[in-house]
1. Give the longest segment of the chain that steers clear of GluC sites (Glu not before Pro) in DSSP loops with at most 15 neighbouring Cβ atoms within 10 Å, not counting the sites themselves.
2. Once every DSSP H run of n ≥ 4 in the chain is given -39500 (n - 2.57) and the sum is divided by its residues, what mean residue ellipticity at 222 nm do you get, rounded to the nearest 500 deg cm²/dmol?
3. Using +1 at the Cβ of each Lys and Arg and -1 at the Cβ of each Asp and Glu in the chain, identify which of Thr133, Asn31, Leu78 lies farthest towards the dipole's positive end.
4. Residues with amide H under 5 Å of His27's amide H, sequence separation 5 or more or different chain, H placed in the peptide plane at 1.01 Å from N; which?
5. Over 32 Å between Cα atoms, which of Lys120/Lys157; Lys37/Lys157; Lys37/Lys120 qualify?
6. In whole percent, how big is the carbon plus sulfur part of the accessible area of the chain, probe 1.4 Å, protein atoms only?
Amino acid sequence: VPVVITSLGCNADVIAAIQVYGGIIFHDVINRRQAEKAAARGVDGIVCVSAGAGGHAGTINPFALVTEVRHAFGGVILLGGCINTGAHIAAARLMGADLAYIGTRFIATSESLAADAYKKMLVDSGSSDVIYTASISGISGNFLTQSLINAGVDLRKLREHVDVADELMDSGAKAWKTIWTAGHGTAGIDEVPSTGDLCLRLAQEY
């Protein structure tokens, strides 16, 4: 595998095993402390997962996060969080990132293996339809509010730093599979194009 992305733990043995065959490793971080740790362990690139990104995102503004990580790391920096257009890619590079890191936008493509209902929810949702909570996996992340409601989660009882997965078993709900993640970038998703068309559009806009 030529490029490996790691998250939720920066393991020196994993890094060594990838680099020994010539692979490169990018590691997700949400703050400077994590970036410093990853840099010390020799990663090839650091992904700044800023406020508003999908999945296990952080809470730091992208301008601040890229600035702090650049002070701690001289390698490749990627920026993730609400990137949907070529203009967003250009903005990421202008603020100091080498590459843009796009997640949620590619879930809503025709080739994506995500459920059609998931794609439709992304199209129908805006940034205010995303909730940031640690209740689902035990680690803070952004999830589509309606998918939590559909799974029987009582939003009035969401508890930080508590894994509610056991409580959802009876309903068949499962984090990532039926409880869906998304970033604030849902605000810019209004269709489900092919991946090829989306990439061409991003290049032209950039």
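1. Longest run free of exposed loop sites: 1-110.
2. -9000 deg cm²/dmol
3. The listed residue farthest towards the positive side: Asn31.
4. Thr6, Gly45, Ile46, Val47
5. With Cα atoms farther than 32 Å apart: Lys37/Lys157; Lys37/Lys120.
6. Taking all protein chains in place, the chain shows 56 percent carbon and sulfur surface.
The values are calculated or read from the model by the stated rules, or taken from the named source; none is laboratory data. No experiment lies behind these values; they were computed from the predicted model shown. Here the Cβ is made from the backbone with ideal geometry for all residues, glycine too, and neighbour counts use every protein chain on show. With ligands, DNA and RNA removed, areas are computed over all heavy atoms of the protein, side chains included. Shrake-Rupley method; radii C 1.70, N 1.55, O 1.52, S 1.80 Å.
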